[in-house]
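Novice: Quick one: the structure is below, questions incoming.
Please treat every number below as a calculation from the coordinates, not as lab data. All values reported here derive from a predicted model rather than from experimental measurement. As a convention, Cβ positions derive from the backbone with ideal geometry for all residues, glycine included, and neighbour counts pool all protein chains shown.
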Amino acid sequence: MKVGIIGGGAAGIMSALFACKGKNEVTIIEHNDKLLKKILSTGNGKCNFTNIKMDSSHFHNNDRAIKFIERFNQYDSIKFFNSIGVVEYVKDGYVYPNSEQAASIRNALLMELGRYDVKILLNTYVKDINKNSDVFQLNICNTENKNIKKLYFDKIIIATGLMAAPKLGSDGSFLPLLKRLNIKYNTCLPALCGIVLDNKNFFKTASGVRAKGKISVIVDGKTEAGDFGELQFSETGISGIPTFQISRYVSLYLNKNKKVTIRLDIFSHIGDIEKILNNRTKIPSFRVMEDMGNGLINAKLWLGILKMAYIKADLDIKKCDKKSFLRLVEICKNMDFTALKSGDFDKSQVCTGGISLDLMDDNLMYKGIKNLYFAGEILDVDGICGGYNLQWAWTSGYIAGQVL
Ligand SMILES: Cc1cc2nc3c(=O)[nH]c(=O)nc-3n(C[C@H](O)[C@H](O)[C@H](O)COP(=O)(O)OP(=O)(O)OC[C@H]3O[C@@H](n4cnc5c(N)ncnc54)[C@H](O)[C@@H]3O)c2cc1C
């Protein structure tokens, strides 16, 4: 069977490796100048390639995704990478190569690919795709030779990703061809990214600070999502892992033109902040309101909070009236900001949206077109941070790559 794979990222290469196991002729079509470019940036250069803890709670809105994952799960991924020379290192369930180098994952996949007679077309663009009777015709061209060349395949696997980190290749350029094939997909929005918030004044003061805290997404007075962990403050808003985890909800609600409030509570893990602050007014060495934050939270963050409460940093503690003090307590408990936008695709690790799994059969074949398969992020599955998105790429690549 002639198998054409469009997209040489994690899911595409995984599907190629399994498609190669039979007597198939496999061709990978990639518009970048190299395969697996994105992998090098994953996990801060260390590649968190799966996670020991894995259930449906790690994937948004998708109980069916976990059913697929059960067929090639985290232990299968570890076993697979062991078999191609990668030793795992596990930290709090997060799985990395022991080398702590994402390049090891890329190299291992490429060395394994090198064992097979796979045709790799780099710098190559798919201009059109058609199905005539049982055969797919792809019109392709490359950066050097703009002339259209026709390729024919019995089976096609589309693994082009969506639009997260477009500079690494997944730039949405395949989406118009999906439209041509009459394949519907859900709106693609940035996820696992920072959030731009209002109150520039506060963020100017707090920029650069990292602090533990709770972050919640509030829409129409209801908490829609939340997480706890290290919050990272920047000049424009907030990022860090807990922010990444909830960012997809911000994207989705802003896309529906809803007002989205981001509520931070950076004292929730310390105790009753009213009591704590009351006690701190009695510390004999503390003179002014700025002193009250010393040793409690980061000094820049405290200055930002005082500003939000309209309290001067040099105000004598004894002169802080009850109303101002209660306002300060309230802000410490609930620092509310309006979300202006979730991060750009450039800075997002994955996307929400893509083709619904409902349109796929159990082998990830599109129900409407025989022998057209999909793998990876182009499908509407997004996981939380922690190795879940790459696990989805390995699982879906493994399933779509099987030649039955
Ligand atoms: C900075 C960063 C850090 C990340 N860290 C982690 C992590 O530690 N753990 C984790 O689980 N996930 C992580 N992710 C997410 C993970 O990398 C993705 O979920 C995963 O790579 C998706 O695999 P994919 O093969 O579907 O898409 P991609 O890896 O995006 O691959 C798609 C490929 O298709 C090619 N392509 C696109 N359009 C076309 C076209 N029209 N024609 C030809 N080729 C095309 C692209 O060039 C690319 O090579 C991270 C992502 C980023 C951006």
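Novice: Using only the alpha-carbon atoms, what does the stretch 210-264 span along each of its principal axes? Please give whole angstrom values in decreasing order.
Specialist: 30, 20, 14
Novice: What order do you get for THR205, THR352, THR187 when you list them from fewest to most C-beta neighbours inside 10 Å? Please report the intermediate quantities before stating the final value.
Specialist: Numbers: THR205 21, THR352 26, THR187 12.
The fewest-first ordering by Cβ neighbours comes to THR187, THR205, THR352.
Novice: Can you tell me the 0 to 90 degree angle between the C-alpha axis of helix 388-401 and the longest principal axis of the chain, rounded to 10?
Specialist: 10
Novice: For n ≥ 4 DSSP H runs only, could you compute -39500 (n - 2.57) per run for the chain, divide by its residues and tell me the 222 nm figure to the nearest 500?
Specialist: Numbers: 11 runs with 111 residues, N = 404.
Mean residue ellipticity, 222 nm, calculated: -8000 deg cm²/dmol.
Novice: Which of ALA164, ALA191, ALA339 moves most in a GNM of the chain, Cα contacts under 10 Å?
Specialist: Comparing ALA164, ALA191, ALA339 in the GNM, the peak value goes to ALA339.
Novice: Calculate, for ASP361 and ASN278, the FRET efficiency according to 1/(1 + (r/R0)^6) with r their C-beta to C-beta distance and R0 60 Å; round to the nearest 0.05. Each step should come with its number before you reach the end.
Specialist: Details: r = 63 Å, r/R0 = 1.04.
Approximately 0.45, to the nearest 0.05.
Novice: Hey, another quick one. In debye to the nearest 20, how big a dipole does the stretch 273-334 give about its Cα centre with +1 on each Lys and Arg Cβ and -1 on each Asp and Glu Cβ? Kindly include the intermediate steps, with their values, before the conclusion.
Specialist: On the way: 13 positive and 7 negative charges, 26 e Å.
Charge dipole of the stretch 273-334: 120 debye, to the nearest 20.
Novice: Here is a further query. Order by neighbour count: TYR152, TYR253, fewest other Cβ atoms within 10 Å first, most last.
Specialist: Numbers: TYR152 11, TYR253 20.
Fewest-to-most Cβ neighbours within 10 Å comes out as TYR152, TYR253.
Novice: Turning to a different aspect of this structure: Give the residue list of GluC sites (Glu not before Pro) in the stretch 210-257 that are DSSP loop and have at most 16 other beta-carbon atoms within 10 angstrom.
Specialist: Working: sites: GLU224, GLU230, GLU235; in loops: GLU235.
Here the GluC sites (Glu not before Pro) that fit, given the DSSP loop and packing criteria, are GLU235.
Novice: Starting from the 7 Å offset along Cα-to-Cβ, what nm value, one decimal, do you get for the label separation of ASP220 and LYS21?
Specialist: It works out to 4.7 nm between the two label points.
Novice: With a cut-off of 12 Å, note down the residues of the stretch 160-175 whose backbone N falls inside the zone around a label point 7 Å from the Cα of ASP33 toward its beta carbon.
Specialist: None, by backbone N distance to the label point.
Novice: Order of LYS46, LYS212, LYS38, LYS370 from fewest to most other C-beta atoms within 10 Å? Write down the numbers at each step before the final one.
Specialist: Numbers: LYS46 19, LYS212 16, LYS38 22, LYS370 11.
Arranged by neighbour count, lowest to highest, LYS46, LYS212, LYS38, LYS370 become LYS370, LYS212, LYS46, LYS38.
Novice: What number, in percent, do you get for the relative contact order of the stretch 137-223 if the mean sequence gap of Cα pairs under 8 Å and at least 6 apart is divided by its residue count?
Specialist: Details: 40 pairs, mean separation 11.3, N = 87.
RCO, the stretch 137-223: 13 percent.
Novice: Distance from a point 7 Å along Cα→Cβ of LYS149 to each backbone N in the stretch 82-126: keep the residues under 14 Å and list them by number.
Specialist: Counting only backbone N, you get 119-126.
Novice: OK, next. Between ASN298 and THR187, what's the calculated FRET efficiency when r is the beta-carbon distance and R0 is 35 Å? Round to 0.05. If you can, show how the numbers build up before the last one.
Specialist: Numbers: r = 37 Å, r/R0 = 1.07.
My answer for the efficiency is 0.40.
Novice: Please grab the % of Cα pairs in the stretch 135-194 that end up more than 14 Å from each other. Working shown, then result.
Specialist: Details: 1228 of 1770 pairs.
Of all Cα-Cα pairs in the stretch 135-194, 69 percent lie more than 14 Å apart.
Novice: Stokes-Einstein D for the stretch 1-132 at 10 °C, 1.306 mPa s, Kirkwood Rh over Cα pairs, in µm²/s?
Specialist: Working: Rh = 16.1 Å.
For the chosen part, D equals 99 µm²/s.
Novice: Also, quick follow-up: Applying a 10 Å radius around every beta-carbon, put 106-116, 371-381, 295-305 in order of their mean neighbour count, most first.
Specialist: Values: 106-116: 16.3, 371-381: 26.5, 295-305: 18.3.
Per-residue mean Cβ counts within 10 Å order the peptides as 371-381, 295-305, 106-116.
Novice: Let me ask another. ARG287 to THR338: FRET efficiency via 1/(1 + (r/R0)^6), r the Cβ-Cβ distance, R0 56 Å, to the nearest 0.05?
Specialist: Numbers: r = 35 Å, r/R0 = 0.62.
My answer for the efficiency is 0.95.
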